[in-house]
Amino acid sequence: MGTLINDFNAQINSGATPVKATGSSSASSSGMGTIASGVISGLSDIATGFINAGRIKNTYKFNEGMVNLQNSFNEGMAQLQTRMMKLSASVAIGQIREKALSLYGEQRAAYARAGVKMQGSPAEVMLDSLKNAELDVIYNQINADYGVSLVNTQTGINTLESQSALAIKKMEAKSAQYDIYQGMLKSILNMGVKTYSRG
């Protein structure tokens with residue numbers, strides 16, 4: 001023991017550099033490097049997760065906006081189409097009644113010129129003409145109402161289908177975000193485990 005101390009003192013007195021122990025410090029340096037690398041990798045995974053989750057959310061919001069815009073456009077076009085149907089039926093009905101009244105006047109004038117009284121067969125003929133005109137009016141009203149009903153029904157079906165598809169997209173987006181957040185949580189836990197095991 002005394003010999004080792006004497007040799008050490010001799011090296012110092014002679015100006016020689018003592019031999020340094022490198023084993024433990026090298027291991028410590030390597031451990032710190034591994035921890036730093038693990039932390040950087042974990043933080044990178046977390047940042048990537050946030051970016052991807054944000055992209056999924058933005059994509060869904062964009063699709064939702066487009067679906068709502070398309071539905072609003074379809075509803076507007078349906079309202080315009082039904083208005084045109086009603087207007088067209090109204091015009092047709094007006095023309096039918098006008099023509100019926102004109103025919104009624106012509107028939108009455110013709111019978112009057114011929115000296116025929118407004119009773120019996122002449123009256124029945126004129127009444128039948130008016131009845132047929134009103135049947136045409138009813139037919140046009142029914143046809144217009146049916147067309148409006150078809151347009152409104154189809155518009156409702158299209159809206160329901162688009163909303164259903166959007167709901168599926170929303171569930172898919174939520175599921176994808178959940179998977180991303182799970183991955184981010186695992187990265188955080190792995191960072192903690194690595195730091196603790198190296199500490």
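Values in this text are rule-based calculations from the coordinates and carry no lab data. Every value quoted in this text rests on a predicted model; they were computed, and no experiment measured them. Neighbour counts run over all protein chains shown; Cβ positions are idealised from the backbone, glycine included.
Tabulated data for the structure shown
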read-out	value
Rotationally averaged projected area of segment 84-171 (alpha carbon convex hull; nm²)	6.5 nm²
Exposure proxy ranking, count of Cβ atoms within 10 Å, fewest first, for 137, 125	125, 137
Whichever aspartates and glutamates have a C-alpha closer than 14 Å to that of residue 186, once near sequence neighbours (fewer than 8 apart) are set aside	45
By average C-beta atoms within 10 angstrom, highest first, the peptides 85-95, 102-112	85-95, 102-112
Against the rule of thumb 2.2 N^0.38 Å, how large the Cα Rg of segment 131-192 comes out	2.54
Length released on extending from residue 124 to residue 90, taking residue separation times 0.36 nm less the Cα-Cα span	9.5 nm
Relative exposure of 96, 157, judged by other C-beta atoms within 10 Å (fewest first)	157, 96
Estimated dipole of segment 62-199 in Debye, rounded to 20 [Cβ of Lys and Arg +1, of Asp and Glu -1, Cα centre]	560 debye
Computed lengthening from residue 79 to residue 152, 0.36 nm per intervening residue step minus Cα-Cα distance	25.5 nm
Residue 111-residue 142 pseudo-label distance in nm [points 7 Å out on the Cα-to-Cβ vector]	2.8 nm
Net charge contributed by nearby residues that have their C-beta within less than 14 Å of residue 138 (K/R +1, D/E -1)	-1
